[in-house]
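Remarks on the structure that follows.
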Amino acid sequence: MDAVYRLSFAILADEADARDAAQDTFVTAWRQIGRLRDPERFDAWLQRVAVNAARMTHRARRRRGVREIPASHVGEMAELPVTASVEIDARRLEAALGRLSIDQRSILALHHLEGRSLAELAEILDIPSGTVKSRLHTARQALHAALLAEAIER
Amino acid sequence: MTMSDDWGEDRLANAYAAMTAARPAPADLQGGTLTALRTASIGRGPQPPGFARLSSVAASFGAVAIALVLVVVFTGLPHNGAAVPSAASPVAPGGSIAPSTAVSPPTGSAVPTILGIPVISVPELIALRTRGPAPSPEEVAVRGWMIRSNVVYDCAIPDIEQHPLVPRCLAPTFLMERPERPTELTTDGPSVTPLLGPDSHMEVDIAGQEPVEVIAIGHLADHRWPTCQPAEQDACRRVFVADRIVPADASLEGLPEPWRIPRSASSEPSTDPEDVVSRLEVLLGDITVVFMGHVAAGLLREVEPAVVDRGDIDSATQLHPVWVARALVAGDPEPGVARTFIIADRRVHEPALPIWDASEDGVAPLPEREQSLRWPPRGADIVEMPFDDEPGRPPVQVAVIDKTGKLVEARAATSAQIAVRDITMNAVGIADLPDGGVLVDWGGSMCDDLLTLTISASDAGIPDRVTVDGRRGLPCRLMLMYYAVVLSFDPAVRAEDLAGQYLIGP
């Protein structure tokens, strides 16, 4: 459950959304478990379900025009010490991800957080491997631009 | 503010890891999901926001065929105690161990056995040991007289690695045909010097001056002989390894008290021996445990030298304590030959490791065919519960094995019955019901489609444990499903007298 939540949060960058997406992931997976023919590929299959659940959650949230900001998150950015640390990188990344599309966040999270190879990304996202390469490249460019923009705006 | 913007692969991966580590899953996510699912499925109480889809899923199961509350109805559960191991019926439920054909009993007499193992004399053991180029590894029970020698003799410790089959500098313990008090390193009558290692059950006090009549259960051709020094291998094969020494008039019931390595171990095992046996029986069918013990992390090499040849197993057992169980497996081609199993002692919420099989070929994971499910388990009643709205989804099967002979009914829990207690994650909850029976429930994996529920009895034959084994399904440990059954016993059993455990993981 932790792994599903982690992936959901990496895609959605929002705790409440990640919670809903994780729950939806389990419900969907439970209903569709009979379609899983190769138990050895359960992890990849579940991540595919999680990515789809995150997309659905993101769409619903966007329609409502609501974005919850956890209380624990308020003020954090202003209080950061000016030191180059992993923690600072993490917060920059979290902020920058908010500028990316849901599909870009998904492919980046699967690759850089979950360590999925290009072939595995193709399977999970159900797209050709050539498309995976181009989308990943585009997502990386977008992320770098977003990171730069975050740094400049701060 | 100036910051490096060279975001390489490692930096990005580290940032991702730190970002998600700083936002752990809410503590109530697991329980909340499960509780909401249960609430939705039985159609009671308000549904918290965010679970709209859960209710639609649950509703699709219909009013009666509620998949989350297992509807287990048995009509043919036995009332008798045929499944309870005893001295008269020493083999585990439903099975039988054929007497060894390697021993010839006196003509016209019944073959005496203990734990289903033929009882022979000391001269017969000597004959087995010296017969042919290699003795048989079949388990035997030797009746004789035992005494520990008090002879003191010089002993030079050889400069070679110690081996469990070649103990150095031990005063011998004699297993004799006749009661003697040897004053030398030999006896007048036939005798052998059995190997009593740290993995032997000694259930007799032989420290006195007088010999004690015993039955020594053990074997020749121990599987560890190939790891002896080449010059000592033949001698190693002919060592009589004593697994268990019991009084000659013993009536063996239940499991022997596990030995411990080290003997002074202060920490308690994470899992109970009964659960270890249950896991083995789920995989292998009926077994008769000859010995059983618990080895602290890092010490398995002392009793299983071959483990050093398997880096993966060695690493795992350096980190985790293990159970070692030697057992006769009823379904084996050679059921008279005991096998030695190594089972990681891991907590129920940890992923299970394979069961390892120690044989002459070394220590290796149990063959895949044996790790895979043996279904249905022997002596089980099976109930299938289809998913009505999903024709392609295999039904959940629950196998109930009653070892007490006192279970008269297992049935679905009603909404009112479920309401008596809250869910306990990763554990079996047991509660008395006002109208009789006990509620047994647990939060299980959504991948649990083949479940074994085993009701064990104490030495007194009283139901004392319910073990739910969910390890037959996919390698999926997600907690989502809620399961609840009501068990009725005759005579009635109180919840406080029952313990429960849920085994999860692949």
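Computed values, structure above
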| read-out | value |
| --- | --- |
| Test: residue in region B:453-465 that is more than 24 Å from the chain's Cα centre (by Cα), at pLDDT below 90, within 22 Å of B:VAL282 (Cα to Cα) and more than 14 Å from chain A (Cβ to nearest Cβ) | no |
| Which numbered condition B:VAL485 misses (of (1) open to solvent by 20 Å² or more (accessible area, probe 1.4 Å); (2) hydrophobic (A, V, I, L, M, F, W, C); (3) modelled with pLDDT of 75 or more; (4) more than 26 Å from B:GLY254 (Cα to Cα)) | (1) |
| Filter result (of a type outside the set (Gly, Ala, Ser), within 17 Å of A:ILE124 (Cβ to Cβ) and free of Cβ contacts under 8 Å to residues at least 60 places away in the same chain) within region A:3-23 | A:VAL4 |
| Close pairs from region B:117-132: first open to solvent by 30 Å² or more (accessible area, probe 1.4 Å), partner in a helix (DSSP H, G or I), Cβ under 8 Å, at least 6 apart | none |
| Selection within region A:117-129 - in a helix (DSSP H, G or I) and open to solvent by 50 Å² or more (accessible area, probe 1.4 Å) | A:LEU118, A:ALA119, A:GLU120, A:GLU123, A:SER129 |
| Residue pairs meeting the criteria (Cβ under 7 Å; at least 6 apart or on separate chains; first under 19 Å from A:ALA10 (Cα atoms), in region A:78-91; second in a helix (DSSP H, G or I) and modelled with pLDDT under 50) | A:ARG91/A:MET77 |
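Conditions (1) under 24 Å from B:PRO194 (Cα atoms); (2) not basic (Lys, Arg), marked per residue:
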{"residue": "B:PRO258", "(1), (2)": "yes, yes"}
{"residue": "B:ARG263", "(1), (2)": "yes, no"}
{"residue": "B:GLU268", "(1), (2)": "no, yes"}
{"residue": "B:GLU274", "(1), (2)": "no, yes"}
{"residue": "B:LEU280", "(1), (2)": "no, yes"}
{"residue": "B:ASP286", "(1), (2)": "no, yes"}
{"residue": "B:GLU304", "(1), (2)": "yes, yes"}
{"residue": "B:ILE313", "(1), (2)": "no, yes"}
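Yes or no, residue by residue, for (1) at the interface with chain B (Cβ under 10 Å from one of its Cβ atoms); (2) of a type in the set (Gly, Ala, Ser); (3) open to solvent by 30 Å² or more (accessible area, probe 1.4 Å):
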residue: A:LEU7; (1), (2), (3): yes, no, no
residue: A:ILE11; (1), (2), (3): no, no, no
residue: A:ASP14; (1), (2), (3): yes, no, no
residue: A:GLN32; (1), (2), (3): yes, no, yes
residue: A:LEU46; (1), (2), (3): yes, no, no
residue: A:VAL49; (1), (2), (3): no, no, no
residue: A:ALA54; (1), (2), (3): no, yes, no
residue: A:ARG59; (1), (2), (3): no, no, yes
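The values are calculated or read from the model by the stated rules, or taken from the named source; none is laboratory data. Every value quoted in this text rests on a predicted model; they were computed, and no experiment measured them. Neighbour counts run over all protein chains shown; Cβ positions are idealised from the backbone, glycine included. Just so you know, the surface numbers come from the protein's heavy atoms only, side chains and all, with ligands and any DNA or RNA stripped out. Shrake-Rupley method; radii C 1.70, N 1.55, O 1.52, S 1.80 Å.
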